[in-house]
Amino acid sequence: MLSLLVFMPLVAAGALAVLPRVPDAAARWAWVAVAGAELVLVVAMALAYRTPAPGGLTFEQRVRWIPAVGTSYHVGLDGISLPLAALTCVVFLACAVYALREAHRPRAQAALFLFLQTACLGVFAAQDLVLFFVFFDLSIVGMYFSIAGWGHGDRARSALRFFLYTFLGSLALLVAFIGLYLASAPHTFDIVELAANPPLQGSPTTGVLVLVAALVGLGIKTPVAPVHTWLPPAHTDAPTIGSVVLAGVMLKLGTYGLVRVVMPLLPDAWRAAAWVVVTLGIVSALYGALVALAQSDFKRMVAYTSVNHMGYVVLALGAAGLAGGSAASAASGAPAGGAGSALGAAAASSQQLAVMGAVTQMVSHGLITAALFLLAGVLRDRTGTYAMGPGSTVSGLGRLAPRWAALLAVASFASLGLPAFSGFVAELQVFAGSIATAPVTAVALLGILITAALFLRALQHLLTGPARAPRGGFADLRAAEAVPVVVLLVLATAIGVAPQPLLDVIAPTSAWITSVVTPSATDAVAASVAAPAGS
């Protein structure tokens, strides 16, 4: 079933590519049909999902591929990858519906985005480092052609910059994967086997070097400051649905790699570098918000908020490493049943909460930012510009297009973390887990305040004032434009109001990652609780 989910879009893409007589309208609706079938399939898998044993997988498949180097076609899902696979299907279906009116080579675009969906799903399903790398690289290729073929502005330059930056990151990631392979005994690229017996334990120098390579590769993809500079031009010049996929799904490939690969396979190095990761998260959160506040281009502003929101994810994952160190030090040498044991258990709880918050934030950001980019695409389609503020020819759209204005207001409030939306649930967990471990991380809360200011400023510029728009007016949302945005925001609201179903899926895998990152703390706590006093 999982392989069908991953490869069905690729088969459809191949059919559209080799059948040149497929009419444009048929190609557009074929994309919608395949994307809809993917969503139905992933929902069926979610309903059939049963929590696996710690470190285990569901819907697992493994086939020999290149046995000489210890790699195989190994796929499976757990409580972290399943929500992200579902997010991928939702976002791509939203893009397919939005693109129903696309007039510029719609058949080629449908084939390209179906190919891209397979690449993204493949990353989330892969349980082998080589397979992970293959899908990771294919996603870069797909997005390059999306920007270069359907973008606007200086699209060739932006596409090239995106490709070179992210391909450089993938090469660094490959170096890290080879390092893990060479350090394992027996040599293997299998993620499950490597997590069961993490290599480079007791080799701090080599472990940190491999970690640095992985952080460079995944940090560029996330992106974190200061390796984020490819993102704003890529978003600004990408087509609307290209920006939706880039922000809604592809940025998660970087942070997912941190959770899936780096933390469980390099636990010692992760703890050693935790403060560096936390610092990167804080800098990204504050820098992204401040630079977004200075923008007069709405789409570019939303792009910078992605740096801000993904900074929260990085911050939480780094704090989990700090909590791991705290749990280990608190539990080791503590008297049985004493304060040290309680502190160790509390630190482990904070660590799990931070990881859960990071994964929830990935899902939340994907839904809300996808909606914002769809609304930004409508703005440019109607006016030919993303400009806002003094000197702009656009204002008072609240009167000209009340449906567009209402959805923009809802998406903006969701993005700034207002209660009743998924962003609030995510950020509450992120900061509760992080501040409990390192109170200094509270400084990143300023990012939420700045985000509120920048979205309120954008709403004032675009929705209030005299009603004016170039090109003879501003038609309100059509059905193909409104439906995807409404669905994305309804899902974000559902998670914000009733998050427990999502958290129940995420929690067991987060607990397992906690135990892998800090095995010494877990063992020590268990031992101190089990041992009789005074023994």
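Of the residues 39, 86, 71, the one whose Cα sits farthest toward the positive end of the charge dipole of region 13-89, with +1 on the Cβ of Lys and Arg and -1 on the Cβ of Asp and Glu, is 71.
The Rg/Rh ratio of the chain, with both radii computed over alpha carbons and Rh defined as the Kirkwood radius, is 0.98. Sites listed here are trypsin sites (Lys or Arg not before Pro) in region 1-69 whose DSSP assignment is loop and whose Cβ has at most 11 other Cβ atoms within 10 Å: 21, 50.
The long axis of helix 2-18 is offset from the longest Cα principal axis of the chain by roughly 30 degrees.
Each residue of region 483-500 was assigned a 3J(HN,Hα) from its phi angle through the Karplus expression (A = 6.51, B = -1.76, C = 1.60, θ = phi - 60°), giving 4, x, 5, 4, 4, 4, 6, 5, 5, 4, 6, 4, 5, x, 7, 10, x, 4 Hz with x at Gly and Pro. Sequentially through region 230-245, phi angles give Karplus couplings (6.51, -1.76, 1.60; θ = phi - 60°) of 6, 5, x, x, 4, 5, 4, 9, 6, x, 4, 6, x, 5, 4, 5 Hz, Gly and Pro residues having no value and appearing as x. Estimated purely from DSSP H runs of n ≥ 4, each contributing -39500 (n - 2.57), the mean residue ellipticity at 222 nm for the chain is -24000 deg cm²/dmol once divided by its residues. Neighbour counts of other Cβ atoms within 10 Å put 461, 228 in the fewest-to-most order 461, 228.
Just how large is the dipole of region 66-196 about the Cα centre, in debye to the nearest 20, putting +1 at every Lys and Arg Cβ and -1 at every Asp and Glu Cβ?
680 debye
Local charge for residue 482 was computed over the other residues whose Cβ lies under 9 Å away, with Lys and Arg +1 and Asp and Glu -1, and equals 0.
Under 8 Å for C-alpha pairs, at least 6 residues apart: give me the relative contact order for the chain, rounded to a whole percent. Write out the running numbers ahead of the final one.
Details: 998 pairs, mean separation 86.8, N = 535.
Relative contact order for the chain comes out at 16 percent.
Distance between the modelled labels on residue 175 and residue 101, one decimal in nanometres: 4.8 nm (7 Å Cα→Cβ projection).
What angle do you read, to the nearest 10 degrees and between 0 and 90, between the alpha-carbon axis of helix 106-125 and the longest principal axis of the chain? With rounding to tens, the tilt is 10 degrees. Of the chymotrypsin sites (Phe, Trp or Tyr not before Pro) found in region 15-58, none is in coil by DSSP with at most 12 other Cβ atoms within 10 Å of its Cβ.
What size of dipole, in debye to the nearest 20, comes out for region 402-493 about its Cα centre when the only charges are +1 on Lys and Arg C-beta atoms and -1 on Asp and Glu C-beta atoms? Don't skip to the end; give the middle numbers.
Working: 5 positive and 3 negative charges, 66 e Å.
Using only the charged Cβ atoms, the result is roughly 320 debye.
Please give the length that would be gained between residue 51 and residue 187 if that part of the chain were fully extended, namely 0.36 nm times their separation in residues minus their C-alpha to C-alpha distance (nm, one decimal).
Working: separation 136, 0.36 × 136 = 48.96 nm, distance 2.91 nm.
Here the segment from residue 51 to residue 187 would lengthen by 46.1 nm.
Using R0 = 41 Å, the C-beta based FRET efficiency linking residue 443 and residue 43 works out to 0.55.
Which net charge results for the neighbourhood of residue 361, defined as the other residues with beta-carbon distances under 11 angstrom from its beta-carbon, given Lys and Arg at +1 and Asp and Glu at -1?
Details: positive: 252; negative: 427.
With Lys, Arg at +1 and Asp, Glu at -1, the neighbours total 0.
The angle separating the long axis of helix 446-463 from the principal Cα axis of greatest extent in the chain is about 10 degrees.
Where the only charges are on Cβ atoms (+1 Lys, Arg; -1 Asp, Glu), what is the dipole of the chain about its Cα centre, to the nearest 20 debye? Before the final figure, lay out each step's value.
Details: 25 positive and 19 negative charges, 296 e Å.
Dipole magnitude for the chain comes out near 1420 debye.
Here, each number is a calculation from the coordinates, and none is a lab measurement. The structure presented is a predicted model; accordingly, all values stated were derived computationally and were not measured. All Cβ positions, even for glycine, are placed from backbone atoms using ideal geometry, and neighbour counts span all protein chains on display.
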